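Participant: The structure is given below, and queries will be raised subsequently.
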Amino acid sequence: MIISKGTTYFRRNLISYFIIFFLPFLIFSLIYQLRFRTTLQEELIDNNFKQLSALKTTVDDELEQLQAIVNQTIFSQNMVPFHFNLMPLEALKRIEILDQYTSTNPFIYEMMLHYHGDPFIYSSTGSLSLDNTFGKVYSFENWPLETFVQDLESSAYKTIKVHKKLSVYTKQEAKTYTVLMYGISHDGINHYGKLLFFIPEEAITSMIDTIYAANNHYTFILGDNGDLITSKQSNGLIDHAHLQDYLNALKAPNSSVIVPINGSDYLLSSTLSPETGWQYINFTSVNAALAVAVEMQQQFFAMVILLLLVGIVIISFLMTINYSPIRKLQNTAKTIVSNKNQMDKNEFRYIEDAITFLRDKNTALVEAMDDTKIASKDYVIGQLLSGQTMKSDLMDSGVIKKVMNPHHHHYVVFIVNISQDEHIWSDMKLELIGDIENYSNEHMVLLCKESIVANSITVLCLYDDSYVHLLHERLNEVLQGLSFKWKEDVTLGLGISFTSLDDLPKSYMAASTAIDYRLMVGNGSMILYDEIVGNMKKVTNYPLADLKLFRLSIKKGNVQDIDTILNNIVSQFASNTIPIFIARTICYEIIHTVVNSYEELGQEHQDIFSKYPDIFSITKYESIDKIIEIVKLISYDVCKSLSKSYDNDNKILIANMNTYIQDNYMDANFSLQTMADHYNTLPPNLSSFYKENTHNNIFEVVTELRMTAASELLMTSQLPVNQICSKIGYDNVSSFIRRFKQYYGITPGQYRSLNVG
């Protein structure tokens, strides 16, 4: 049904739609016009400063690595000064170490080491005589050999030589380098040598190119003495000689300002590195940067006008037919609900009922799907590696059949790593998983999932007795096969073998440690955890005794012993006597011990331990402080939980004892021994426990109850004293009278005379 334009409903809604449509455009356009250029300039300044800060961070990170190498050189036993003529073989150690640094750090072209007074200088390629061969191999166009030697022998801690053109006899073309010379000493004052880093100019300019891809940027890097380290600009617009004139316009080293250059405005941004003292400067053409935005502004206003015109036409057209879809929707809703007795409902109520009906159906469907949900292989492997329990009806039957095979009762985890670009890894990882699992056979089953370690696959290996002594050989075949197919260096980190699935988290942690060790030994080999640390359980400072006592203390509920044991382990961590990879294992064992002990004791623990890290999180910890923090948290939570649990138990037991006393104090046979026998304990222990938790003595409580009962009987009955005595638990009248007088200060007869008529 189509509503006529003449109806009130149509006119009212048409005007409303016009206002709703037009008003936001008007307000937004005004705000946009007022704020557009200011906002863009602020955004340009902020974006430019972020890019400059990113450049500073990138370069500073590289320079920090150089400082780290200097520190390692100072403390390395293999880099101490020596006399070449007396110990020529020592030079080979220095050359090898320098070669390792240069080959693993693309930021460094060459490294050289010189000891004061030594006629030789050592590089990553060999040792050279300063008097004879050095000048023939390394030739500086603008750094005479005499000056070079003087700089080597100087006492300056750090010297930067910029724009040094160097020719090497094996190269055809001279290149420009920045040379950083660091003094090396044990006391920071008396230098015994120099460590030189040759940084190619393109190593720094490539960082600039990575961050500043556009051509309208001009970037400079100045050293801590103001020398130009390098610059990158599309043309020679800004001369280094006049650079300081522009920098004077800055209010602070870390700020931005717009400066005119050749009739055009440029945004000058600067940031100063507090670590190195280097200053990073960038000029950005304001007009060029905002040109696209201004054009977009003009296009925006044209589009706004066009949209307003089109919107008016469309709204007018749609309003003439808008009721037809509503009518169709109403009829559909009636079909879904199928209720013939609700003819008085409007169309929106029918639609509401239909939506409610469909929502209920959808909820039922979701619940049915949840009931039949099956966990994937990744889920099963992840649960096994993290030590989590799983319900059998939620596990992938194929994977569980392999895991629970009784013939494969040896388990080990290993991690396979291939150094690849992120995009290439994304395309190859599924095929790589298939390649690894294809090595499975009747004696060995391999189950894979993607690892949290970058470019790595975690593999659960299950094997039988025949592979106990052949495992390393078979895994080496896997390594060689993968390397041959993928033409890349493949590294395999092997954990510890166990015969229980419960120990898989330990094997996974060992495999993670082994694969991380590739950073020390290089890629392309199989790294065995046992070869790195030997048998971890035999390490002298591994706290086996503490962990055993910790387990017993939890079961006994001894809060003081728990706190003492964990504090002892923390002190070992803090004293740096335990390596980080062993600390990870100890941390996992503590968490695992607490959870298992709580389950054995029937204690609730989900709320407490849900905040503790799982096995995958622990393997990422690189700081002893983080492990100490976790262990202290465990100590606090366990002690608090056990104290609360035992406090509640004690309260229940004391209440039960009070009830027992109340029920039996009138019995003449009541004694501390009979009560202790009732609670299966010794009288001294019973008395001490009651005193500790109530601050009262059991006999004092019994005496108070008996005296109170006697006074009530004296005032409310005519019973003689001897009957009252036997009624409240005394079998001797003299003892009762003596105790009554001690309690009230008068005899029972006097008490009755004073309180009755």
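Participant: Given the conditions (1) over 18 Å from residue 194 (Cα atoms); (2) exposed (fewer than 15 other Cβ atoms within 10 Å of the Cβ), which single one is not true for residue 168?
Facilitator: Only one criterion in (1) over 18 Å from residue 194 (Cα atoms); (2) exposed (fewer than 15 other Cβ atoms within 10 Å of the Cβ) is unmet by residue 168, namely (2).
Participant: Among residues belonging to the range 138-152 that are in contact with a strand residue (DSSP E or B) (Cβ under 8 Å, 6 or more places away or on another chain) and of a type outside the set (S, T, N, Q), point out the one that is surrounded by the fewest Cβ atoms within 10 Å (Cβ to Cβ).
Facilitator: Checking each candidate, the answer is 141.
Participant: Being loosely packed, with under 14 Cβ neighbours inside 10 Å and small (Gly, Ala, Ser) is the requirement here; does residue 193 meet it?
Facilitator: no
Participant: Give, as residue ranges, the strands (runs of 3 or more DSSP E) completely inside the range 120-210 that count at least 2 residues that are within 20 Å of residue 277 (Cβ to Cβ) and β-branched (Val, Ile, Thr).
Facilitator: 158-168, 175-184
Participant: Looking at the range 650-672, which of its residues are part of a loop (DSSP other than H, G, I, E, B) and without any contact (Cβ under 8 Å) to a residue 24 or more places away in the chain?
Facilitator: 669, 671
Participant: Considering (1) more than 46 Å from the chain's Cα centre (by Cα); (2) surrounded by 15 or more Cβ atoms within 10 Å (Cβ to Cβ), say which one residue 173 fails and leave the rest.
Facilitator: (2)
Participant: Could you check, for the range 504-518, whether at least one of its residues is in a helix (DSSP H, G or I), on the phi < 0 side of the Ramachandran plot, touching a strand residue (DSSP E or B) at 6+ places or on another chain (Cβ under 8 Å) and of a type in the set (Val, Ile, Thr)?
Facilitator: The answer is yes; a qualifying residue exists.
Participant: Of the conditions (1) surrounded by fewer than 19 Cβ atoms within 10 Å (Cβ to Cβ); (2) in contact (Cβ under 8 Å) with a residue 60 or more places away in the chain; (3) closer than 23 Å to residue 55 by Cβ, residue 198 satisfies every one except a single condition; which number is it?
Facilitator: Among (1) surrounded by fewer than 19 Cβ atoms within 10 Å (Cβ to Cβ); (2) in contact (Cβ under 8 Å) with a residue 60 or more places away in the chain; (3) closer than 23 Å to residue 55 by Cβ, the lone unmet condition for residue 198 is (1).
Participant: For the range 80-124, what are the residues that are under 17 Å from residue 66 (Cα atoms) and touching a residue at least 60 places away in the same chain (Cβ under 8 Å)?
Facilitator: Residues satisfying the conditions are 106, 107, 108, 109, 110, 111, 112, 113, 114.
Participant: Which count do you get for residues in the range 706-725 that are surrounded by fewer than 16 Cβ atoms within 10 Å (Cβ to Cβ) and touching a residue at least 24 places away in the same chain (Cβ under 8 Å)? Full working, then the answer.
Facilitator: Here is the first cut: in the range 706-725, the ones surrounded by fewer than 16 Cβ atoms within 10 Å (Cβ to Cβ) are 708, 712, 715-720, 722-723.
With touching a residue at least 24 places away in the same chain (Cβ under 8 Å) added as a condition, the list becomes 715.
Total meeting the criteria: 1.
Participant: Still on this model: Which number in (1) surrounded by fewer than 16 Cβ atoms within 10 Å (Cβ to Cβ); (2) modelled with pLDDT of 60 or more marks the one condition that residue 346 misses?
Facilitator: (2)
Participant: Turning to a different aspect of this structure: In the list 646, 660, which residue meets the criterion of being out of contact with any Leu (no Cβ under 6 Å at 6 or more places or on another chain), of a type in the set (Ser, Thr, Tyr) and modelled with pLDDT under 85?
Facilitator: Only one candidate qualifies: 646.
Participant: Out of all the residues in the range 559-581, is one or more under 27 Å from residue 409 (Cβ atoms), buried (at least 21 other Cβ atoms within 10 Å of the Cβ) and at pLDDT 75 or above?
Facilitator: no
Participant: Something else about it: Please list, ordered by residue number, the strands (runs of 3 or more DSSP E) wholly in the range 220-273 having 3 or more residues that are within 23 Å of residue 210 (Cβ to Cβ).
Facilitator: The strands (runs of 3 or more DSSP E) meeting that bar are 228-233, 264-272.
Participant: At pLDDT below 90, surrounded by 12 or more Cβ atoms within 10 Å (Cβ to Cβ) and within 27 Å of residue 106 (Cα to Cα): is that true of residue 36 in this structure?
Facilitator: Numbers: at pLDDT below 90: yes; surrounded by 12 or more Cβ atoms within 10 Å (Cβ to Cβ): yes; within 27 Å of residue 106 (Cα to Cα): no.
No; evaluated as a whole, the condition is false for this residue.
Participant: Can you pull out every residue in the range 266-291 that is surrounded by fewer than 16 Cβ atoms within 10 Å (Cβ to Cβ) and on the phi < 0 side of the Ramachandran plot? Break it down into steps so the answer makes sense when it comes.
Facilitator: Restricting attention to the range 266-291, the residues satisfying the condition of being surrounded by fewer than 16 Cβ atoms within 10 Å (Cβ to Cβ) are 274-275, 277, 287-288, 291.
Result: 274, 275, 287, 288, 291.
Participant: Residues being part of a strand (DSSP E or B), within 20 Å of residue 410 (Cα to Cα) and not hydrophobic (A, V, I, L, M, F, W, C): count how many of those fall in the range 439-461.
Facilitator: So the answer is 2.
Participant: A follow-up question, please. Looking for whichever is surrounded by fewer than 16 Cβ atoms within 10 Å (Cβ to Cβ) and closer than 26 Å to residue 387 by Cα here; the options are 500, 512, 507. Which one fits?
Facilitator: The match here is 500.
The values are calculated or read from the model by the stated rules, or taken from the named source; none is laboratory data. As the structure is a prediction and not an experimental result, all values here were calculated from the model. Virtual Cβ from ideal backbone geometry, glycine too; neighbours counted across all protein chains shown.
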